[in-house]
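For reference, the structure discussed in these notes is given below.
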Amino acid sequence: SKATLTEHQDKDGVTFRDVAGLEEAQMEVKEVIDFLKNPETFTRLGAKIPKGVILVGPPGTGKTLLAKAVAGEAEVPFFSMSGSEFVEMFVGVGASRVRDLFKQAKAKAPCIIFIDEIDSIGQSRGRSAYFQGSNDERESTLNQLLTEMDGFETNSGVIVLAATNRAELLDPALLRPGRFDRHIYLELPNLHEREAIFKVHLRPIKYDESIDVSFLAAQTPGFSGADIANVCNEAALIAARSKKEQVSRQDFLDALDRIIAGLEKKSKIITPEE
Ligand code: ATP
């Protein structure tokens, strides 16, 4: 089975330097960093620090990246798991994984728990019939998550960040006060933001003076940050394959062609008329 455990404590050293665009979302997560770094500033006045924050946005817009950057900026451990791992598991396994994850995290507080694809366990119960996998398992995993969220003390130093691209599917129980009561929205990048994202991903790449970042940004409407990262890497692979010393504009154009063709294929698969 694909019951592999990817709850882990990893620090890739991601910080805000690695995140481009997303200015509003970055401002909002700065508050979370403050909660982790200086909890007493808030608690001395009797404030309760939020336990759960949901990051909502289309695929590849940087939800995971931003969650890691919060941990990196706050210099706290990052524990993560993906909701989709539980879909094919036996009943009880998901719940015990959730329990373990929170136990580990509490021992390392202050820290971040990140739950990717929370919609795969936390979709509203009425809708579950439309999805594959065991509903019992999903529900027991969801219930355990709710229990953990309610059970750990406010101001325990654990903040749970969760990501979804479809907030409207989430079970309202998840969104109640004291659980995931804050939402941060991430959007696809605009022209200016794409330029900033290109600059981040060009950093490690050896490219020549034919590269014009604003041209690349203009060529990529509708691209996510992940798509842009992919373009930069593909261009470098193309140049390397022809044993060049530097990546040129033409390598980027070839990479763009390839990636746009790939994206078109993907959108054909999900278009019902095709
Ligand atoms: P999914 O919903 O598919 O899980 P996601 O929103 O979690 O996607 P990430 O996994 O964070 O997206 O993004 C994938 C990669 O794309 C990142 O590791 C990073 O390289 C790049 N990326 C995405 N958004 C940005 C951004 N705003 N700035 C810089 N790089 C970005």
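The values are calculated or read from the model by the stated rules, or taken from the named source; none is laboratory data. Quick caveat, the model's predicted, so the values are computed rather than measured. Please note: Cβ atoms are built from the backbone with ideal geometry, for glycine as well, and neighbour counts cover all protein chains shown. With ligands, DNA and RNA removed, areas are computed over all heavy atoms of the protein, side chains included. Shrake-Rupley method; radii C 1.70, N 1.55, O 1.52, S 1.80 Å.
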(request) Could you list all residues from the stretch 222-234 that are outside any loop (DSSP other than H, G, I, E, B) and open to solvent by less than 60 Å² (accessible area, probe 1.4 Å)? (result) G225, A226, D227, I228, A229, V231, C232, E234
(request) May I ask you to say which residue of A217, A240 is within 28 Å of the chain's Cα centre (by Cα) and of a type in the set (G, A, S)? (result) A217
(request) Please identify the pairs in which a residue from the stretch 185-210 that is closer than 30 Å to I54 by Cα has its Cβ atom under 8 Å from the Cβ atom of a residue that is modelled with pLDDT of 95 or more and hydroxyl-bearing (S, T, Y), counting only partners at least 6 apart or on another chain. (result) L186/T61; E187/T61; L188/T61; L188/S224; P189/T61; P189/S224; R194/T220; E195/S214
(request) Report whether or not A71 is modelled with pLDDT of 95 or more, in a helix (DSSP H, G or I) and under 25 Å from R138 (Cβ atoms). (result) no
(request) Would you mind telling me which numbered condition in (1) in a helix (DSSP H, G or I); (2) aliphatic (A, V, I, L, M); (3) within 21 Å of R17 (Cα to Cα); (4) more than 16 Å from the ligand (Cβ to nearest atom) V76 fails? (result) (1)
(message) Taking the criterion of being touching a helix residue (DSSP H, G or I) at 6+ places or on another chain (Cβ under 8 Å), farther than 22 Å from P58 by Cβ, modelled with pLDDT of 90 or more and in a helix (DSSP H, G or I), would at least one residue in the stretch 102-109 satisfy it?
(response) yes
(message) All but one of (1) closer than 27 Å to E24 by Cα; (2) open to solvent by 30 Å² or more (accessible area, probe 1.4 Å); (3) touching a Ser or Thr at 6+ places or on another chain (Cβ under 9 Å) hold for N135; state the number of the condition that does not hold.
(response) (1)
(request) Considering only residues that are in a helix (DSSP H, G or I) and open to solvent by 30 Å² or more (accessible area, probe 1.4 Å), look in the stretch 186-213 and name the one that is farthest from the ligand (Cβ to nearest atom). (result) L191
(message) One residue is enough: does the stretch 50-64 have a residue meeting the conditions part of a helix (DSSP H, G or I), within 13 Å of the ligand (Cβ to nearest atom) and at pLDDT 95 or above?
(response) yes
(request) Go through (1) within 16 Å of the ligand (Cβ to nearest atom); (2) not in a loop (DSSP other than H, G, I, E, B) one by one and return the number of the condition D181 breaks. (result) (1)
(request) Would you mind finding the one in L237, L216, L263 that is closer than 28 Å to K63 by Cβ, in contact with an Asp or Glu (Cβ under 8 Å, 6 or more places away or on another chain), within 16 Å of the ligand (Cβ to nearest atom) and open to solvent by 30 Å² or more (accessible area, probe 1.4 Å)? (result) L263
(request) Considering only the stretch 240-274, state which residues are of a type in the set (A, V, I, L, M) and either within 18 Å of I228 (Cβ to Cβ) or modelled with pLDDT of 95 or more (or both). (result) A240, V247, L253, A255, L256, I259, I260, A261, L263
(request) Pull up the stretch 28-62, narrow it to residues that are on the phi > 0 side of the Ramachandran plot and out of contact with any Leu (no Cβ under 8 Å at 6 or more places or on another chain), then point me to the one that is surrounded by the most Cβ atoms within 10 Å (Cβ to Cβ). (result) G60
